Amino acid sequence: MTTSTTPTPADTPASVPVPTTLGEEILLLSLDDSTGEARLPLRTPHAIAAAALLERSLSDDSADALLDPLPDDAGKWIQEHRAKEYESALRGVLDKGLIREEKRRVLLVFRTTRYPEADGTVESALRGRLAQVVLEGAEPDPRTAALISLLHHGDLHTLAFPDADSEESPARRRMTEIAEHHWADPALRRMAATAAATAAALTAATMATTVVVITAVT
């Protein structure tokens, strides 16, 4: 599996970069640095599962592609693997020392787990890379284009750019442009659109079901 590289945490030698997958990058963007709470928790797992499929498409290793081919039904795969892929991304950033796990009790009964930031250098570099492309107009490399496409189709724009909460936002318009046009390989562009759009559709269905359940309860 091909991974992007970002600057190392403070306790890692500078010559050894920390690799991060697309799913781990989405997870880092979604966690509040101070509280460790997840933002947009209904949408994020679907996007992380879709990211796992794009990792295969972006892989330079043909042997990996043969051993782990893309599923015929991306939507079904994302639906079935979203929890597993979310946990895999979470474990990845924990093992790399980028976040820490904090367990708490609420009202002496309910247990909660949060994941505040432990080392911010990787996320800082990630946000800087996104800012260069989205805000400053730099051309994206394939992995950055893939990440932006996942954020766009998953309606996760505000994880990277808080002011991208409306269609008129310059950041949102730029992300749309990249998601729809800035792919060197048409096959990768189609795969990104299919995987991410599937994640968006499944997220919408999940949110609709949640609203129905809450309405019925109340």
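The values are calculated or read from the model by the stated rules, or taken from the named source; none is laboratory data. Quick caveat: nothing in here was measured; it's all calculated off a predicted structure. Cβ: placed from backbone, ideal geometry, glycine included. Neighbour counts: every protein chain shown. Please note that ligands, DNA and RNA were not included when accessible areas were found on the heavy atoms of the full protein model with its side chains. Shrake-Rupley method; radii C 1.70, N 1.55, O 1.52, S 1.80 Å.
Per-residue counts of other Cβ atoms within 10 Å, averaged by peptide: what ranking do you get for 113-121, 81-89, highest first?
81-89, 113-121
What is the Cα coordinate range of segment 118-171 on the first, second and third principal axes, sorted by size from largest, in whole angstrom?
Computed over the Cα atoms, the extents are 32, 25, 20 Å.
Just order 41-52, 69-80, 170-181 by mean Cβ neighbour count inside 10 Å, highest at the front, would you?
41-52, 170-181, 69-80
Run the simple label-point estimate for residue 103 and residue 73 please: 7 Å along Cα→C-beta, distance reported in nm.
A separation of 3.7 nm, rounded to one decimal place.
Using the heavy atoms of the protein chains and a 1.4 angstrom probe, tell me the accessible area per residue for segment 77-149 in square angstrom.
Per-residue accessible area for segment 77-149 comes out at 56 Å².
Given the alpha-carbon gyration tensor of segment 31-142, what are the semi-axes of its equivalent ellipsoid in whole angstrom, ordered largest first, with each equal to the square root of 5 times an eigenvalue? Walk me through the numbers before you get to the answer.
Values: eigenvalues 159, 94, 35 Å².
They are 28, 22, 13 Å, listed from largest to smallest.
Restricting to Cα atoms and excluding each atom paired with itself, what does the Kirkwood estimate give for segment 82-142 in Å?
So the Kirkwood estimate lands at 14.1 Å.
Please give the direction-averaged projected area of the C-alpha convex hull for segment 71-117, in square nanometres with one decimal.
Hull-based average projected area comes out at 4.6 nm².
Rounded to the nearest 0.05, what FRET efficiency do residue 181 and residue 131 give with R0 = 22 Å and r taken as the Cβ-Cβ distance? Could you check?
Once the sixth-power term is evaluated, E becomes 0.65.
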